[in-house]
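Some notes on the structure that comes next.
Derivation of every value follows stated rules applied to the coordinates shown; laboratory data play no part. Note that the coordinates shown come from a computational prediction; the quantities given were computed from them, not determined experimentally. Positions of Cβ are generated from backbone atoms using ideal geometry, with glycine treated the same way; all protein chains shown enter the neighbour counts.
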Amino acid sequence: MKKIKLALNYNNMMSAKLGNGGITAAHINGMKPRIKAAHNNLKQKREDGLLGFFYLPYDVKMREEVRKTAEIINSKFENFVVLGIGGSALGTVALARALKHPFYNMLPADKRKGPKLFVMDNVDPETCAGLFDIIDLKKTVINIITKSGDTAETISWMKILWGKLENKLGKDKLKDHIVITTDKEKGFLRKLVNRHGFISFAVPDNVGGRFSVFSPVGLLPLASIGVNIDELLKGAAYMDTLTSNDNVWKNPAYMAAVLHYLSDIKFKRNITVMMPYSNALNYISDWFAQLWAESLGKKLSLDGKTVNAGLTPVKALGATDQHSQSQLYMEGPFDKVVTFIRVEKFRQDIAMPSNFNDEESAAYLSGQKMSKLLNTEEKATEMAMTKNKRANMTITLPEISEFTLGQLIYLLEVETAFMGELYNINAFDQPGVELGKTATYAMMGRKGFKDKLEHIAVGKDRKKFII
Ligand code: PA5
């Protein structure tokens, strides 16, 4: 099989381009003992079965089960509604947007060849009410996804949809319209599965939400709308061969992590901008922002010291944000590393017709392809940033396909896990998120949480500081 491999170009991070503000080979080689230790730790955790995301590309049984259910859903339903938030939603959105038609839900059924996809995460009452204006529940399957079985947003969406389904179709039809993805044994949702016999999938214990897109969390909705999950996982497995290499010079995930780490430690560049030049890849940045923020933003190191580690992820889109955020990146503080994502060959292209040739500002575009303009803008921004001594690197996808997206997702997952090791923090927990969840439960009156509020609330809210 011809390997369509993505590439990481980090020339514009290095001293040859950035002078004193650049990273040198000596900096990277100087980190070798640290890199070796991080590699060994990660390898050990993988072998001990603590990090399940490493194994998802190889779980053939899970993939087959997903595929069987997805085939039925694909042929039977007009709408696929995901109820889930954070790691239970963002990967699906990112990959559906990347791999399906840009206006997928608006295509006629014979062109769409699968149900429309709606991912309902936020508890916004207007969105919720609006959904019922456009879907017919009789033609809808609902995939409730929550690893913990506890998340307020997902449970409230579930309550509403459950109530509507019961009213419209009757209790005995619930089973035909609901699929549950949750912990294999624990939690409220698993109880429901056991009680009512819903079709269900398990989120493996050792796979955290933000690392779960290659589990049934992401695979079921994606396969149901016709994404080729075999190719996606093949891409991930291929990247696994590259990111298992202990030599940082040959391992794109380790190299990207080391460059970000050195940028932070040596140059105080602690903002990570992800800027794809492709609308299809726009939501990869949202998914990445969660992965990076929730994994690396940690108060404590593994040995219990207060470190308040973390790099702030920022989402940008090329060329759109050249006309908004770029000015800051070119001339503002030297506190960012920009990662461009560029696509060599677009699935569709369109040439500009030869018209308005008597006008300078339009004539030069005649006969040129839109992809050329977009990719030239990417190159031009790279050059201008480098000229201004702004650290940047570029991930190039030869094309947008399941195989290359599988690589990209897996690369960023391993990079994040490796960053956790370099910072000596636990990249796989999220105590900060849990604290917010606890406060919500307490304020919404959940049993057993009332007294927890006293430990969370800080002072009284004073009227005099409100205008
Ligand atoms: O990555 C994570 O762990 C979180 O973002 C969760 O995915 C998110 O909070 C939703 O949790 P759950 O799947 O338990 O509803």
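Taking θ as phi - 60°, what are the ³J(HN,Hα) couplings along the stretch 389-402 by the Karplus curve (6.51, -1.76, 1.60), each to the nearest whole Hz, with x for Gly and Pro?
Here the 3J(HN,Hα) series is 6, 9, 5, 8, 9, 9, 9, 10, 9, x, 7, 9, 8, 4 Hz.
Treating the chain as a set of equal point scatterers at the Cα positions, no solvent, please give the Debye-formula log₁₀ I(q)/I(0) at q = 0.06, 0.07, 0.12 Å⁻¹.
With no solvent term, the Cα-only Debye profile gives -0.29, -0.40, -1.14.
Tell me, in nm to one decimal, what length is gained between LYS173 and TYR58 on full extension, where the rule is 0.36 nm per residue of separation less the Cα-Cα distance? Walk me through the intermediate numbers first.
Details: separation 115, 0.36 × 115 = 41.40 nm, distance 3.49 nm.
This chain segment gains 37.9 nm when fully extended.
Starting from the Cα of MET352, step 7 Å along the direction of its Cβ; do the same at LEU300; then give the gap between the two resulting points in nm.
Distance between label points: 5.7 nm.
Can you list the residues of the stretch 380-418 with backbone N under 17 Å from a point 7 Å past the Cα of PHE334, pointing along Cα to Cβ?
384-393
Please report the net charge: other residues with Cβ closer than 15 Å to the Cβ of ASP48, K and R +1, D and E -1. Walk me through the numbers before you get to the answer.
Working: positive: LYS43, LYS45, ARG46; negative: GLU47, ASP205, GLU421.
Cβ neighbours under 15 Å give a net charge of 0.
Counting DSSP beta bridges with both partners in the chain, what percentage is antiparallel, nearest 5? Before the final figure, lay out the partial values.
Values: 6 of 43 bridges.
Of the beta bridges lying entirely in the chain, close to 15 percent run antiparallel.
Extending each Cα 7 Å along its Cβ direction at LYS369 and ALA152, get the distance between those two points in nm, one decimal.
Modelled inter-label distance: 5.0 nm.
Under 20 Å from a point 7 Å along the Cα-to-Cβ line of THR438: which residues of the stretch 195-209 have their amide N that close?
Only 209 pass the distance filter.
Taking other Cβ within 10 Å of each residue's Cβ, how do ASP286, ASP133, ASP48 sort, fewest first? Don't jump to the answer; show the numbers that get you there.
Values: ASP286 18, ASP133 6, ASP48 9.
Listing ASP286, ASP133, ASP48 from fewest to most nearby Cβ atoms yields ASP133, ASP48, ASP286.
Looking at the square roots a ≥ b ≥ c of the eigenvalues of the Cα gyration tensor of the stretch 53-227, which shape do they give, rounded for a/c under 1.5, prolate if a/b is larger than b/c, or oblate? Could you put the intermediate results ahead of the total?
Working: a/c = 1.39, a/b = 1.08, b/c = 1.29.
It comes out rounded by the Cα gyration axes.
Pairs LYS266/LYS389; LYS76/LYS100; LYS17/LYS268; LYS68/LYS100; LYS36/LYS184; LYS138/LYS171: which are spaced more than 25 Å apart, C-alpha to C-alpha?
Values: LYS266/LYS389 15 Å; LYS76/LYS100 19 Å; LYS17/LYS268 18 Å; LYS68/LYS100 20 Å; LYS36/LYS184 35 Å; LYS138/LYS171 13 Å.
With Cα atoms farther than 25 Å apart: LYS36/LYS184.
Just subtract the alpha-carbon distance of ASN194 and PHE465 from 0.36 nm times their residue separation and send over the number in nm, one decimal.
Working: separation 271, 0.36 × 271 = 97.56 nm, distance 5.09 nm.
Extending this stretch completely gives an extra 92.5 nm.
Excluding residues fewer than 8 places away in the same chain, name every one of the lysines whose C-alpha is closer than 29 Å to that of LYS460.
LYS298, LYS299, LYS437, LYS447, LYS450, LYS452
Specify the longest stretch of the chain that does not include any exposed loop site, a site being one of the GluC sites (Glu not before Pro) with a non-H, G, I, E, B DSSP assignment and at most 13 other Cβ atoms within 10 Å. Working shown, then result.
Working: sites that count: GLU185, GLU359.
Of all site-free stretches, the longest is 1-184.
Could you work out the relative contact order of the chain? I mean the mean sequence separation of Cα pairs under 8 Å and 6+ apart, divided by the number of residues, in percent.
Values: 766 pairs, mean separation 98.5, N = 467.
For the chain, the relative contact order is 21 percent.
Please get the size of the charge dipole for the chain, origin at its Cα centre, with Cβ charges of +1 on Lys and Arg and -1 on Asp and Glu, quoted in debye to the nearest 20. The partial results should precede the final answer.
Working: 64 positive and 50 negative charges, 165 e Å.
It comes to approximately 800 debye.
Using a 7 Å offset from the Cα along the Cα-to-Cβ direction at both ASN279 and THR312, what is the distance between the two label points in nm, to one decimal?
Placing both labels 7 Å beyond Cα along the Cβ direction yields 3.0 nm.
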